[in-house]
Structures are given as structure tokens and as C-alpha cells.
Amino acid sequence: MTRLTSTAGRLADGSSALARRLSARLADWVARARRDDLTGWRAALGCWLRLALLIFGLYLLWRLVRAVPVLLWLLSAGWIAAAWRAGRAPSPEASDETPSEAPEEAAPTPDVEAVRRLLLDVMGDAPAVHLRTVLAHLQKQGQWEGRKVTDLRVHLQRLDIPVSRSVKVAGTPTLGVRRRDLEAPSPAEPQEASPAPSTAA
């Protein structure tokens, strides 16, 4: 492989990685605007607003480049520099350390039954509980700091715990869990019990 081919390949790989990273961050930024306490089109209104801001920003950038063409060279140089860094191959030392660190970073398997007990405890005598109530309970216990209702919903769905979108508690419909779904037979085999709050995190 010639030096020119190697350079072109690194720039191509870096550009692809950079484009994927940028699009993923923008998509995540737009998705975070969704309101979990609302339903229907109102819940997605923030996402549409952020998407409109992105389109408007791209339009302004295009107009700016048309007005000042030299700006295109600066943007291209910045992209090439970022793509060159992103296309850098990992060092042998990093690849040697990755397998040894992987087992230490693996998260323990959550206890599904302990999570169900936690949800029932927070629910009390009510027929259902909102996820934001569960999240507030966990954060009072010093867990799930900085997390959102969406994170809790994804976590429960991974444990095969049904989450409903329009659960009414005190007249307010939003994301929540119903008692009848929690008292159904668990899809997972019971595991060794552990403290409920730490398991849910």
C-alpha cells in the first residue's frame, strides 16, 4: 500500500466515523427534547422545534458560505483535520489493554424480581405508579443521579417489565407501570435477592 493510498484511506475512514458521530450526537440532541410528561404531538413538539433549528442553522451556514466563499476552505480544513484524528488507528497498547479491562467493566445482571418489588413498594396501595415518581424515589436514595424518565423506561423494558404510555395516577396520564403487569408471572427466572434500590440502578 502506497503512502498516498494509506493517507486517503485514513481520511475516508475518519470522515465516515466523524459523520456517524456527528449525526448520532445531533439525533440524540433532538430526541432529548421529547417530553415524557405529555402524550401525542405535544410530547414531540420540542423535537420538531430542535429539528427546525438545525435546518435553519444549516441554511444560515449555506448563506454565509455563499457570501464569504473563503469560509468554505476554512471549514474544509477543519473537517480534514478532524477526520485525520478520527481515522487514526488504535495503538497496540490500547488494543492489548481492552480485553483485560472488559470483564471489570461488565455490569452485573439485574435482579428482575427485586425491581418488581421496588416498583410495588413505591406504588403502595395504588393500581399504578408513574415512572417519574419511581425516578424521584431512586434519586432520594442517592441513585440514578442525572438520569431521566426515558432512561428508566429503557431499563425496565430491558428487564421485560411492561411500561404503559398513558397510566393515570391522580388524574394525570403519563409513562408508568400498572400493578396488574407487575403481579403477572415474571418472564425471567428469580435470582438471588439483593437490595431493591441498588438493583434498579
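Each row is one residue, and each column tells you yes or no for (1) surrounded by 12 or more Cβ atoms within 10 Å (Cβ to Cβ); (2) assigned to a loop (DSSP other than H, G, I, E, B); (3) among the β-branched types (Val, Ile, Thr); (4) modelled with pLDDT under 85.
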site: Trp29; (1), (2), (3), (4): yes, no, no, no
site: Arg50; (1), (2), (3), (4): yes, no, no, no
site: Leu61; (1), (2), (3), (4): yes, no, no, no
site: Ser76; (1), (2), (3), (4): no, no, no, no
site: Ser95; (1), (2), (3), (4): no, no, no, yes
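Only one residue in Asp111, Asp160 is of a type in the set (Asp, Glu), at pLDDT below 90 and surrounded by 18 or more Cβ atoms within 10 Å (Cβ to Cβ), so which one is that?
Asp111
For region 54-75, check the following and say yes or no: at least one residue is without any contact (Cβ under 8 Å) to a residue 24 or more places away in the chain, among the aliphatic types (A, V, I, L, M), assigned by TED's automatic domain parsing to the domain that holds Ala17 and within 30 Å of Thr174 (Cβ to Cβ).
For region 54-75, residues without any contact (Cβ under 8 Å) to a residue 24 or more places away in the chain, among the aliphatic types (A, V, I, L, M), assigned by TED's automatic domain parsing to the domain that holds Ala17 and within 30 Å of Thr174 (Cβ to Cβ): present.
Cβ-Cβ under 9 Å, sequence separation 6+ or interchain: first residue in region 148-160 and farther than 16 Å from Arg35 by Cβ, partner among the charged types (D, E, K, R) and modelled with pLDDT of 85 or more. Which pairs?
Cβ pairs passing all conditions: His155/Arg147; Leu159/Arg116.
Every residue in region 52-70 that is over 24 Å from Trp29 (Cβ atoms) and not β-branched (Val, Ile, Thr), please.
Hits for region 52-70 are Arg66, Ala67, Pro69.
Which one of Thr39, Thr7 is surrounded by 10 or more Cβ atoms within 10 Å (Cβ to Cβ) and under 30 Å from Ala136 (Cα atoms)?
One residue alone meets the criteria, Thr39.
For region 21-51, which positions are among the small types (Gly, Ala, Ser) and over 30 Å from His130 (Cβ atoms)?
Ser23
Identify, from the list Gly57, Gly46, the residue that is closer than 21 Å to Val154 by Cβ, small (Gly, Ala, Ser) and at pLDDT 85 or above.
Gly46
For the subset of region 2-41 comprising residues that are of a type in the set (Lys, Arg) and over 21 Å from the mean Cα position of the chain (by Cα), which member is nearest to Thr174 (Cα to Cα)?
By that ranking, first place goes to Arg10.
The values are calculated or read from the model by the stated rules, or taken from the named source; none is laboratory data. Note that the structure is a prediction, hence the values are computed from the model and not measured. Don't worry about glycine lacking a Cβ; one is built from the backbone with ideal geometry, like all the others, and counts go over all protein chains shown.
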